[in-house]
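Every number here is computed from the coordinates shown, using simple stated rules; none is lab data. Computed from a predicted structure; not experimentally measured. Cβ placement follows ideal geometry from the backbone for every residue including glycine, while neighbour counts extend to all protein chains displayed.
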Amino acid sequence: MSNMIVDAPLLACPNPANYSQEDFQNTFKEYLQRLVDISNVKTNFKSVSFWIDRELSNVLGGEDCYPFHHSLKSAFSVLYDGVEFQLSDINTILMSILGNSLFLDDEGEIEDVLLSECTIKQDVIENRNEKFTEHVCRQFYFALQTLGDGKKFNANTFLASKVSKERITNLELNYKVDAVQYRTDEVENFEHSPLVYAKLENFLDTPTFS
């Protein structure tokens, strides 16, 4: 049994306004290939579970990447080099990832968490923005409770993210836990919480899924 934690930038359609026309063609094809890779894993590896959190769609929406159809429509309006898939096909893949994933924050006794000092020490993508940084720290927090012992991930737990051009294979980050809200509505505050360090390997850089 393996587990994949879906990283928000994996699903975020590139914005053509941020690229030259030629660079966008290449960037979009890389984005599409990554989605196809994920879809193939879902099809061919039935023992793999995909995990997201309930904040994912809100985070993507805040970056104008959700609903997926709207951001894909903007991308297709400037593509001059054809792709194998129709817009509707890509939208179906994206919605399938969301719809068939388990929720990290539905497990256990904790309803929500307040984190601070979220810092990426090593990333598999370039220029991760603040919202995506805070979000992946939140996902790692809940994943450590659900797919680990609170401090370390279980074996065969991976990140599903973009491919690093520098072939960086791990995402490493730090954060502090300031407060947790339990499902009973009780809130526990932590004045001097230690810095948490966590690391996950990006799945395409592992022999199992290459």
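How big is the dipole moment of segment 48-181 about its Cα centre under a simple scheme where the beta carbon of each Lys and Arg is +1, that of each Asp and Glu is -1, and everything else is neutral? Debye, nearest 20, please.
On the way: 12 positive and 22 negative charges, 79 e Å.
Roughly 380 debye, rounded to the nearest 20.
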With only alpha-carbon atoms counted, please give the Rg and Dmax of segment 156-200, in Å. 15.6, 45
Cut-off 12 Å between beta-carbons: net charge of the residues surrounding GLY61, Lys and Arg +1, Asp and Glu -1: -2
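Summarise the long-distance tail of P(r) for segment 2-104 by giving the % of C-alpha pairs beyond 25 Å.
Numbers: 977 of 5253 pairs.
That fraction is 19 percent.
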All other residues with a Cβ under 11 Å from the Cβ of LEU32 taken together, and with Lys, Arg as +1 and Asp, Glu as -1, what is their net charge? -2
At a Förster distance of 22 Å, what's the computed FRET efficiency of GLU201 paired with ASN174, Cβ-Cβ distance as r, to 0.05? 0.80
Set of lysines near LYS176 by C-alpha distance (under 24 Å), chain-local residues within fewer than 8 positions excluded: LYS121, LYS131, LYS151, LYS152, LYS199
Please give every one of the aspartates and glutamates within straight-line cross-link reach of LYS46, meaning a C-alpha to C-alpha distance under 19 Å, and leave out same-chain neighbours fewer than 8 residues apart. ASP37
How many percent of DSSP beta bridges within the chain run antiparallel, rounded to 5? 65 percent
So what's the back-of-envelope 222 nm ellipticity for the chain, counting only DSSP H runs of four-plus at -39500 (n - 2.57) apiece and dividing by all residues, rounded to 500? -11000 deg cm²/dmol
Using only C-alpha atoms and all pairs of different ones, pull out the Kirkwood radius for segment 29-83 in Å with one decimal. 13.3 Å
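Looking at segment 93-146, which GluC sites (Glu not before Pro) are DSSP coil and have at most 14 other C-beta atoms within 10 Å of their C-beta?
Numbers: sites: GLU107, GLU109, GLU111, GLU117, GLU126, GLU130, GLU134; in loops: GLU107, GLU109, GLU126.
Here the sparse-neighbourhood loop sites are GLU107, GLU109, GLU126.
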Proxy exposure order for GLU172, GLU84 (fewest C-beta within 10 Å first) is GLU84, GLU172
Within the chain, which cysteines find no other Cys whose Cβ is under 4.7 angstrom from their own? CYS13, CYS65
Find the eigenvalues of the gyration tensor of the Cα atoms of the chain, then list the square roots of 5 times those eigenvalues as equivalent ellipsoid semi-axes, largest first, in whole angstrom. 30, 18, 17
Kirkwood Rh over Cα pairs of segment 109-205 into Stokes-Einstein at 10 °C, 1.306 mPa s: D in µm²/s? 113 µm²/s
Given a Förster distance of 35 Å, the FRET efficiency implied by the Cβ-Cβ spacing of ASP64 and LEU114, rounded to the nearest 0.05, works out to 0.85
Chain lengthening between SER88 and ASP106 when straightened (0.36 nm per residue, less Cα-Cα): 3.5 nm
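Using only alpha carbon pairs under 8 Å that are at least six residues apart, calculate the relative contact order of segment 109-205 and give it in whole percent. Walk me through the numbers before you get to the answer.
On the way: 161 pairs, mean separation 39.0, N = 97.
40 percent.
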